Amino acid sequence: MTKKYNINKSEAEWKELLSPEEYTILIKKGTEYPHTGAYNMHFDNGEYHCKACNAKLFESDHKFKSSCGWPSFDKAIDGAIDYIKDTSHGMTRVETVCANCGGHLGHVFNDGPMETTGHRYCINSASIGFEPEAK
């Protein structure tokens with residue numbers, strides 16, 4: 001059974017709303033090259049939102065330097081992410097998608113900081129936007 005998300009758009013509507021890179025990653029489940037994303041080494045205080053629908057996904061307090069080449073978080077906002085078994089590329093992983101629109105974000109692994117959750121949400125920069133903390 002396929003989940004029906006709160007936000008549903010046609011391919012043409014997504015293409016109009018998103019840049020070509022954002023569309024490829026969020027809608028076609030692509031990935032950006034490691035160490036190229038705008039938020040890989042970004043550590044300002046604020047919130048990270050889904051680039052497709054603006055749903056809040058992560059808080060900056062949960063971002064950490066993993067050196068994997070993509071923005072990494074040890075925890076997501078409760079209920080913000082859906083988890084899908086991914087057996088592509090000859091391996092088994094857990095895909096993360098926005099629970100509001102189904103946009104592909106990346107994957108979650110169990111090799112994050114053990115002093116917190118032990119999770120590493122490996123997220124494409126093109127899948128997220130950042131809102132700085134109000135001063």
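Taken together, the values in this text are just the output of simple stated rules run on the coordinates, not laboratory data. The structure presented is a predicted model; accordingly, all values stated were derived computationally and were not measured. All Cβ positions, glycine included, derive from the backbone under ideal geometry; neighbour counts span all protein chains shown.
Set the Förster radius R0 to 41 Å, insert the Cβ-Cβ distance between residue 114 and residue 15 as r into 1/(1 + (r/R0)^6), and round the FRET efficiency to 0.05.
Plugging the Cβ-Cβ distance into 1/(1 + (r/R0)^6) gives 0.50.
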Given C-alpha coordinates of the chain, what is the ratio Rg to Rh with the Kirkwood estimate of Rh? 0.94
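Per Stokes-Einstein, at 10 °C and 1.306 mPa s, what whole-number D in µm² s⁻¹ belongs to segment 1-67, with the Kirkwood radius over Cα pairs as the hydrodynamic radius?
Working: Rh = 13.9 Å.
In µm²/s, the coefficient rounds to 114.
Quick check on the chain: helices-only [θ] at 222 nm, where DSSP H runs of length 4 and up contribute -39,500 (n - 2.57) each and the sum goes over total residues. Nearest 500, please.
Values: 2 runs with 14 residues, N = 135.
Calculated mean residue ellipticity at 222 nm is -2500 deg cm²/dmol.
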Taking only pairs that are 8 or more places apart or on different chains, how many Lys pairs in segment 11-132 have Cα atoms under 23 angstrom apart? 22
When only Cα pairs under 8 Å and 6 or more residues apart are kept, what is the percent relative contact order across the chain? 28 percent
